[in-house]
Amino acid sequence: MISETRSNDSPPARGRISLVGLGPGSERQMTPEARQAILEAEVIVGYKTYLKLVAELIGGKEVVGSGMREELPRCALACRRAAEGARVALISSGDAGVYGMAGPAFELLLQSGLLTRVEVVVIPGITALLAAAARVGAPLTHDFCAISLSDLLTPWEVIEKRLRGAAMADFVTALYNPRSVRRQRQLDRAREIFLEHRAPTTPVAIVTAAYRPGESVLLTDLASLDRHPVGMQTTVIIGNTSTFSREGVMVTPRGYGNKYSLDAADLTEEKP
Ligand code: SAH
C-alpha cells in the first residue's frame with residue numbers, strides 16, 4: 001500500500017516576476033499598471049539610473065541596482081528571487097521587450113526550467129522611439145523600423161546589413177544607442193549608408209532625454225546629422241523619402257504621393 005505523507009504546511013507561495021517598462025522617464029509616461037507592479041513588488045531589480053526614476057515608489061523594499069555591464073547577473077538574480085517565492089519587479093526604461101530585460105529573463109527562466117515555477121508578467125511601456133516621435137510631430141506614420149547601433153552583443157556586420165536593408169527599403173528608421181563614449185564611429189557609418197540611398201535633405205530628428213530633465217529636441221537633415229551632439233540618451237529618427245520637416249514639425253505622410261487639403265477658410269463659420 002502506498003502511503004502518502006501530507007504536511008500541514010501550506011505550499012510555498014508562487015513567486016512572480018514582473019518585467020516592467022517604465023516609459024521614457026517622466027512619471028506621466030509610466031502606465032498605471034507599471035506603477036502598480038512596482039508598488040506590489042517586494043524586490044526591485046534594475047539599472048541604477050532607472051531606479052532613480054522611481055525612487056519614491058520603492059522606499060522600504062529590497063532594491064538591487066547595478067551598473068550597465070552587469071545586466072545578466074542582475075536578471076539571473078531577479079529570476080532566482082522569484083523562484084524562491086518573492087514578488088519581483090525587473091525594471092527597464094521604455095519597454096522591457098525593446099532592447100530591455102524581458103528577453104534575457106525568459107531565456108534564463110526557460111534554460112533553468114524555472115518558468116513553470118514562477119508567474120511571469122510583461123508590462124508594456126512607451127518605448128523611446130514613440131517618445132521621441134511624439135516630441136517632433138508624426139515621423140512614424142508609415143512603415144518604420146528600429147536599429148540599435150550598439151555592437152556590444154551584436155556583431156557590427158549584422159548591424160550594418162540591417163542599416164543597408166532599412167535604407168534601401170525606405171523605412172523610417174529609429175536608431176537606438178547611437179553613440180556612447182566607447183562607440184563614436186557607428187553613427188557616422190550609419191549616416192554614410194543612408195546617404196547612399198536617401199537625399200542629403202532627408203529630415204532627421206535628434207531627441208535626447210525625452211520626457212526627462214535636460215530634454216533636447218532638434219530637427220536637422222541627413223547631411224548635417226554629424227554636426228549635432230548625440231549621446232547615450234539620444235534616439236535618432238531618419239525620415240523616409242516622403243518625410244518632410246516644416247515649421248518645426250517632422251511628418252511622414254500616411255501614403256506615398258497622397259495630398260490632403262483643408263482650406264483654413266472652411267474653418268470659419270461665416271464667410272464674407
Ligand atoms: N528599453 C528601452 C531602450 C533601451 S536601449 C526603450 O524601450 O526605450 C537605450 C537607448 O534607448 C538609448 O541609448 C537611447 O537611444 C534610447 N532612449 C532611452 N530613453 C530615452 C529617452 N528618454 N530619450 C531618448 N532616447 C532614449
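Roughly how tilted is helix 156-168, in degrees to the nearest 10 and between 0 and 90, from the longest Cα axis of the chain?
In the chain, helix 156-168 runs at an angle near 40 degrees to the longest axis.
Straight-line reach from Lys61: which aspartates and glutamates have a Cα under 18 Å away, not including same-chain ones fewer than 8 places off?
Glu40, Glu42, Glu84
Based on the mean of other Cβ atoms within 10 Å per residue, sort peptides 194-201, 160-167 so the most packed one is first.
160-167, 194-201
Rounded if a/c is under 1.5, else prolate if a/b is larger than b/c, else oblate: which is the stretch 129-256, with a ≥ b ≥ c the root eigenvalues of its Cα gyration tensor?
Oblate, since a/c reaches 1.5 and b/c is not below a/b.
I need the peptides 182-188, 120-126 ranked by packing, meaning the mean over residues of other C-beta atoms within 10 angstrom, with the highest value on top.
Output ranking for 182-188, 120-126: 120-126, 182-188.
What share of the DSSP beta bridges in the chain is antiparallel, in percent to the nearest 5?
That works out to approximately 40 percent antiparallel.
Once both labels are modelled 7 Å past Cα along the beta-carbon direction, what's the Ser216-Arg189 spacing in nm?
2.5
So, R0 is 25 Å and r is the distance between the beta-carbons of Arg35 and Asp143; what FRET efficiency does that work out to, to 0.05?
E between Arg35 and Asp143, to the nearest 0.05, is 0.15.
Among Thr116, Gly97, Cys79, which residue has its Cα positioned farthest towards the positive end of the charge dipole of the stretch 28-140, with +1 placed on the Cβ of Lys and Arg, -1 on the Cβ of Asp and Glu, and the dipole taken about the Cα centre?
The listed residue farthest towards the positive side: Gly97.
Just tell me which aspartates and glutamates come within less than 19 Å, Cα to Cα, of Lys161; anything on the same chain fewer than 8 places away is out.
The reachable aspartates and glutamates, counting only those whose Cα sits under 19 Å from Lys161, are Asp143, Asp151, Asp170, Asp188, Glu192, Glu196.
Around Leu222, with a cut-off of 11 angstrom between Cβ atoms, what is the net charge of the other residues, counting Lys and Arg +1 and Asp and Glu -1?
After counting each charged neighbour, the total is -2.
What does the highest-first list of 87-95, 148-156, 74-82 look like by mean Cβ count within 10 Å?
Sorting 87-95, 148-156, 74-82 by mean packing, highest first, produces 87-95, 74-82, 148-156.
Stretch Val121-Glu84 to full length: gain in nm at 0.36 nm per residue minus the Cα-Cα span?
11.7 nm
On a 0 to 90° scale, report how tilted helix 102-112 is relative to the longest principal axis of the chain, with both axes built from alpha carbons and the result rounded to the nearest 10.
So the helix axis and the longest Cα principal axis differ by about 30 degrees.
Let me check against my output: what whole-number percent is the relative contact order of the chain, with C-alpha pairs under 8 Å and at least 6 apart?
Answer for the chain is 18 percent.
Taking the Cα centre of each part, how many Å lie between the stretch 139-177 and the stretch 38-61?
32
Which value at 222 nm does the chain reach when only helices count, each DSSP H run of 4 or more adding -39,500 (n - 2.57), with the total divided by all residues and rounded to the nearest 500 deg cm²/dmol?
-7500 deg cm²/dmol
Ignoring any ligand, DNA or RNA, what whole percent of the accessible area of the chain comes from carbon and sulfur when the probe is 1.4 angstrom?
54
In a shell of Cβ-Cβ distance under 10 Å around Glu27, excluding Glu27 itself, what net charge do Lys and Arg (+1) and Asp and Glu (-1) give?
Once all neighbours under 10 Å are counted, the net charge is +1.
The values are calculated or read from the model by the stated rules, or taken from the named source; none is laboratory data. Only a predicted model underlies this, so the values are computations on that prediction, with no experimental measurement involved. Heads up, the Cβs are rebuilt from the backbone with ideal geometry, glycines too, and the neighbour counts pull from every protein chain shown. Calculation scope for accessible area: heavy atoms of the full protein, side chains included, ligands and nucleic acids excluded. Shrake-Rupley method; radii C 1.70, N 1.55, O 1.52, S 1.80 Å.
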